[in-house]
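Participant: Below are the structure tokens for one structure; questions will follow.
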Amino acid sequence: MNKGSHMGAITFSLDSKLVEAIKKTLQPTVFFETGTYKGDTVYNQIKNFNKIISVELAHDLWSTACKRFEQYQHIEIIHGDSPKVLEDCYSRISGESVLYWLDAHWCVALGTAGEKSQCPLLKELSAIKELNENSVILIDDARLFLAPPLAPHEITEWPQFHDIIKHLYALSTEHEMMVVNDIIIYYPIKLKDDIINYAQHCGVDWLNIGHYAEEIINLKKICEERLELIERLHQECARLSENIN
């Protein structure tokens, strides 16, 4: 796995409000995650699913997560390559209502795996094989697919958004797609109203974020200038005090 301090550009881990929106109409029994990292997403979903499967490629992270969740009988942390594990698990979960959280792509984080094969997403989608009417796919870090990821990502190892769309529709023609808050959501049509409601009430306006960030940068510059002025005045006061004495 491959995370830094954030999973996605908007929320830490999988947004609980998105899971709630999905569960208003569906009752998924299985949560399948690729990219365990430290296990925070698994921890947040402990009470929401009958079965949780999480796959981690980095041995140390897998070992740590196994110890963290060893007391939970319904949680399975698997060490391995995510497409291969998805393929191996197909027969036992294909008939279930599954929420897939695909997050095994490399994100420049210390101690994670994936530098040599940065994005297994298309292979993961192929390994899922087909998507039933009660299952949902969520793909984290949508920004890395909507446009080529920035350096030091190796662009040739990342799929184009068009290819992702083709792979998703190959899994099901009864699903629709939406991108909300850095997540690609591929959901059954019966979830449409719930996903639209989530997007409208929880979606982030990127233009507003850009303006806000610009304001923060300007305020930071003003503060730095004021601090420099204070330091100069402090030094001048010290010099005048020495002259008086």
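The values are calculated or read from the model by the stated rules, or taken from the named source; none is laboratory data. Since the structure is predicted, the reported quantities are computational estimates derived from the model, not experimental observations. All Cβ positions, even for glycine, are placed from backbone atoms using ideal geometry, and neighbour counts span all protein chains on display.
Participant: In this structure, is Glu124 surrounded by fewer than 21 Cβ atoms within 10 Å (Cβ to Cβ) and assigned by TED's automatic domain parsing to the domain that holds Ser54?
Facilitator: no
Participant: In the range 146-195, how many residues are touching a Ser or Thr at 6+ places or on another chain (Cβ under 9 Å), acidic (Asp, Glu) and assigned to a loop (DSSP other than H, G, I, E, B)?
Facilitator: Here the count works out to 1.
Participant: Out of all the residues in the range 150-191, which are free of Cβ contacts under 8 Å to residues at least 40 places away in the same chain, in contact with a helix residue (DSSP H, G or I) (Cβ under 7 Å, 6 or more places away or on another chain) and closer than 12 Å to Leu121 by Cβ?
Facilitator: Phe161
Participant: Out of Lys129, Lys116, report the one residue that is at pLDDT 95 or above, over 19 Å from Asn50 (Cβ atoms) and assigned by TED's automatic domain parsing to the domain that holds Met178.
Facilitator: Of the residues listed, the single one that is at pLDDT 95 or above, over 19 Å from Asn50 (Cβ atoms) and assigned by TED's automatic domain parsing to the domain that holds Met178 is Lys129.
Participant: Of all residues in the range 96-113, count the ones that are surrounded by fewer than 20 Cβ atoms within 10 Å (Cβ to Cβ) and either at pLDDT 95 or above or touching a Ser or Thr at 6+ places or on another chain (Cβ under 8 Å) (or both).
Facilitator: Matching residues across the range 96-113 total 2.
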